[in-house]
Structure formats: structure tokens, C-alpha cells
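Bear in mind these aren't lab numbers, they're just calculated from the coordinates by the rules spelled out. Everything quoted here is computed from the prediction, not taken from an experiment. For neighbour counting, all protein chains shown are included, and Cβ atoms are generated from backbone atoms with ideal geometry for every residue, glycine included.
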Amino acid sequence: MNNVLQPIRGMNDVLPGEIGYWQKLEGTAREIFGAYGYQEMRVPLLERTELFKRSIGEHTDIVEKEMYTFEDRSGDSVTLRPEATAGLVRAMISNGLLHNQRQRIWCVGPMFRHERPQKGRYRQFHQLDVEAFGYPGPDVDAELIMMTARLWRRLGIERLVLNLNSLGTPESRRVYRERLVAHFSAHRDALDDDSQRRLASNPLRILDSKNPEMQSLIEGAPSLTDHLDPESAAHFDTLRAQLDRVGIEYVVNPRLVRGLDYYSRTVFEWVTTELGAQDAVCSGGRYDGLVEQLGGEPTPAVGWALGEERIVALLQAQSVAAGMVAPEAYLVLVGEAAVSLGLALAEELRDELPGLRLETHCGGGSFKSQLKRADRSGAELALIIGENEAGRGVVGVKPLRDDTPQIEVTFSELADELRSRRTRNTAPNTRT
């Protein structure tokens with residue numbers, strides 16, 4: 001076993017027994033995003049390092065400590081994307097998709113951060129990202145939050161708490177920043193090393209510290225919501241009223257600041273108490289200045305990102321069924337003649353019945369062992385062809401999930417028999 005290669009630390013395999021949760025999440029999300037008018041797009045895993053320095057912020061932990069950055073063979077500094085928003089904004093600008101246009105888009109894929117791996121925090125992780133460009137008002141902020149709430153309901157996830165805050169505009173935040181620096185500077189000796197470093201570069205991030213020894217000091221800091229400009233305060237009030245109207249509960253958390261420099265006005269996080277220290281499962285907010293910051297025309301924008309590993313862990317913790325799709329039928333083939341006929345018959349059935357979930361046994365074995373495999377597959381039916389059936393041109397149709405008797409049909413009748421059973425049984429065939 002010493003010679004067996006293992007995955008890189010913090011980068012995990014997703015095995016067949018787990019993939020059903022991922023498919024359930026991504027399939028449900030795809031349906032919901034389409035229903036709200038969001039279109040999928042895809043962007044590269046690798047971008048110029050400058051993109052993330054200009055968007056996320058040079059003095060953030062992500063840029064300073066966590067990015068996978070290296071020089072390529074041309075001598076350019078490139079980085080595996082640590083998050084998706086910057087790349088999506090770059091794509092919007094470089095493809096001319098924001099000129100006199102509004103866009104609702106989403107994407108899915110892996111992100112990379114060199115962090116200390118722990119449950120819910122990995123070096124390769126996967127996100128679903130949803131972004132809206134060109135919408136200045138709180139209505140689209142509310143819609144994005146409503147969409148997440150609908151996703152939780154459809155997935156069957158419970159007990160999530162929505163934290164909500166407003167960061168105001170960059171101008172009002174500068175005034176608040178001065179007061180915050182004054183507060184923490186007066187208690188510099190009580191700050192840990194990270195907070196002392198952030199005091200000069202990114203003091204709002206001190207509010208997000210998890211150090212228990214600093215919580216009383218943070219609680220005594222000025223509140224950002226008390227220093228909002230009038231327009232941001234009105235934006236936040238309208239957002240809250242819209243969420244109240246549809247019955248989405250939330251907690252106004254004035255210490256919620258998010259870890260990326262580009263946020264302004266609305267920020268939010270959905271959190272859980274069921275995953276240990278990594279409590280945030282979906283986070284987002286408004287970033288009205290980012291498009292201009294990256295070279296585009298001034299464009300309001302808002303979005304969120306969902307951590308797939310954390311949602312999958314939450315589905316498992318709450319015992320939500322994975323929804324893995326089982327085959328409708330399992331083709332049992334015993335003997336050389338049966339194998340030859342059966343493989344050809346299976347292709348004909350797939351041609352006649354588009355979407356048919358038919359698993360054909362390969363690799364030989366006794367009738368008894370093949371029937372056990374058919375049962376373990378979760379299939380509703382075993383389609384049986386042995387030497388005798390092959391000689392007579394018939395197939396045994398054996399129900400595996402009820403006590404109805406086995407029947408025989410000819411090869412030419414089998415497609416109609418399966419079609420008829422599909423009509424009689426329209427309930428989805430799933431196993432957990």
C-alpha cells in the first residue's frame with residue numbers, strides 16, 4: 001500500500017455512492033435558476049493573477065495567503081481561481097456583454113485555495129455562483145435571496161438562518177472605517193496578531209474575527225448600520241420589507257462584513273449550526289463598483305456563491321435522500337448466445353425508447369449471481385435471456401419490487417411491454 005498514490009491533501013474524490021447528492025443539488029439548482037431567467041456560462045479555471053489582486057483585494061487573506069499562483073512558461077503570473085465572481089465579471093467585460101444590457105447568469109465548478117483542510121473547508125472545493133448585472137435596486141437583491149430560500153425548500157434542507165447587513169457605499173464606509181480604526185487603536189494591546197495586521201489594511205475584517213478573547217471588544221465597536229448613507233439605508237429598508245412580505249426570516253447582523261473587498265451595500269449569509277466551525281453555506285452581496293474597477297463601464301451587480309461540499313454534508317446530516325436514479329430494467333444474460341443477442345437487443349430498445357434507463361449485465365456469471373446484481377441495482381424489472389430464451393426468441397420479464405408474476409414476451413414485443421409499464425407507473429424510480 002505504500003506505493004499507492006493518494007489524492008493531494010485537501011482535494012477529494014467524489015465516489016459513485018456520493019454523487020447522487022451532487023446530482024440532486026446541481027439538477028435542482030439548474031431547474032430553479034432557469035425558472036428565474038438565469039442562464040449558464042463557463043469561465044476558465046486559470047486567470048491572470050492581477051485579476052484577483054484588483055478585485056478581491058491585495059490585503060485579503062485569500063490573496064496574501066491562499067491563492068495557487070505560479071508563473072507559466074511565458075513568464076506570466078497566473079492563478080487557479082479562488083472564487084468565481086472576478087472571472088465572471090472579466091468575462092462580461094471582455095465579451096462585451098454589459099453594453100446597454102442586463103444579464104442574469106450562473107456557473108458551477110471547482111475553486112482552489114491553499115488553506116488548512118478541515119471538514120467543510122478544502123483546497124479544491126466546488127461552488128454554484130449566481131450573478132445579476134445591470135440591476136441597481138433592492139428588488140434583485142431580494143429575488144436572489146428568495147431564490148436561495150426556494151432552493152433550500154426544494155432540496156428539503158431545514159434550520160438555516162439568514163444573516164443580513166448593509167456595508168453602505170465606499171464613501172460612507174470610509175467614514176465608518178476611520179471610527180473603527182480609532183476604536184481598535186485605543187485597544188491595540190487586546191488585538192491578536194491577525195487583527196493588528198488588518199488594522200492598517202482592512203479593519204472591517206476584524207469584525208469577522210472568531211477569536212473568543214476579542215468578542216467583547218468587537219461587540220463594543222461602532223456599528224456600520226448606524227453610519228449608513230441615506231441611499232444605502234433606504235435600499236436596505238426596502239430589501240427587508242420585501243423579504244418580510246414573502247415571509248423570509250432573517251437576522252440583521254451588523255458584524256457581517258464578508259471577506260472580499262469588492263462588496264458594497266447588501267451582504268448576506270445563510271448559516272447552519274450542523275457543520276461545526278464552517279457554518280456559512282451560501283454567501284453573497286452587492287458589488288456595484290467591481291465592473292468599473294476591472295475596466296468596464298459603471299455597472300451595478302449582485303450575486304452569491306454556494307459551497308457544494310457543505311450543502312452535500314448538510315443533506316447527509318439531515319438525512320435527505322440523495323435521489324440517485326436507478327435503472328428501469330436490468331438485462332440478465334446467461335450464455336454466449338444470450339450475450340450476443342442481448343447486447344444488440346439493448347441497443348434497439350434504447351433507440352425505440354429514448355431515455356430508457358437500461359443496465360446490461362457484462363462480465364458473465366451464473367443466473368443467480370446476475371439476478372442478485374439486478375436486485376442491488378434498484379431496477380424495477382429484470383429482463384432475462386438464457387440459452388433457452390435465446391433459442392425461442394423471448395425475454396423473461398421479472399418484476400423485482402412487487403409480487404406480480406414473471407411473464408415472457410418476444411423480442412419484437414419487448415419495447416411495447418416496457419412502454420406500457422412506463423405509462424402505468426409514472427412515479428420516479430429512485431433509490432437512496
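How far is the Cα center of the range 83-145 from the Cα center of the range 359-402, in Å?
47
Under a crude label model (7 Å from the Cα following the beta-carbon direction), how far is residue 277 from residue 337 in nanometres?
Modelled inter-label distance: 6.7 nm.
Relative contact order (percent) for the range 326-431, with alpha-carbon contacts under 8 angstrom and 6 or more residues of separation?
32
Would you order 283, 412 from fewest to most other beta-carbon atoms within 10 Å of each residue's own beta-carbon?
The order, fewest Cβ neighbours first, is 412, 283.
Mean residue ellipticity at 222 nm from the helices of the chain, using -39,500 (n - 2.57) per DSSP H segment of n ≥ 4 over the full residue count, to the nearest 500 deg cm²/dmol?
Helix-only estimate at 222 nm: -11500 deg cm²/dmol.
Under 19 Å from a label point 7 Å along Cα→Cβ of residue 65: give me every residue in the range 181-209 with its amide N that close.
Those under the cut-off are 190-209.
Return the tail of the calculated pair distribution for the range 326-431, meaning the percent of Cα-Cα pairs more than 17 Å apart.
47
Which angle between 0 and 90 degrees, to the nearest 10, do you get for helix 85-94 versus the longest principal axis of the chain when only C-alpha atoms count?
Its long axis makes an angle of about 90 degrees.
Rank 96, 142, 60 by how far each Cα sits towards the positive end of the charge dipole of the range 33-160 (+1 on Lys, Arg Cβ; -1 on Asp, Glu Cβ) and give me just the farthest.
142
If you project the alpha carbons of the range 188-288 onto their three principal axes, what span does each projection cover, largest first, in Å?
45, 36, 24
Applying the Karplus parametrisation 6.51 cos²θ - 1.76 cosθ + 1.60 with θ = phi - 60° to the phi angles of the range 147-153, what ³J(HN,Hα) value in whole Hz is obtained for each residue in order, glycine and proline being reported as x?
So the Karplus estimates, Gly and Pro as x, are 5, 5, 4, 5, 4, 4, 5 Hz.
May I ask for the net charge around residue 132, where only other residues with Cβ less than 13 Å from the Cβ of residue 132 are counted and Lys, Arg are +1 while Asp, Glu are -1?
Once all neighbours under 13 Å are counted, the net charge is -3.
Using the crude model of +1 on Lys and Arg Cβ and -1 on Asp and Glu Cβ, and no other charge, please compute the dipole size for the range 326-431 relative to its Cα centre, in debye to 20.
Here the size comes out at about 480 debye.
Go ahead and run the numbers for FRET between residue 14 and residue 400, Cβ-Cβ distance against an R0 of 41 Å, rounding to 0.05.
Plugging the Cβ-Cβ distance into 1/(1 + (r/R0)^6) gives 0.90.
Evaluate E = 1/(1 + (r/R0)^6) for residue 362 and residue 387, where r is the Cβ-Cβ distance and R0 equals 22 Å; express this FRET efficiency to the nearest 0.05.
Once rounded, the FRET efficiency stands at 0.80.
Of 313, 358, 80, which is farthest towards the positive pole of the chain's charge dipole, taken about the Cα centre with +1 and -1 on the beta-carbons of Lys, Arg and Asp, Glu respectively?
313
Which option, [x] 53, 23, 21; [y] 53, 29, 26; [z] 41, 23, 20, is the value of semi-axes √(5λ) of the Cα gyration tensor in Å that was calculated from these coordinates?
For semi-axes √(5λ) of the Cα gyration tensor in Å, the calculated option is [x].
Tell me, how many Å apart are the Cα centres for the range 1-75 and for the range 197-260?
27
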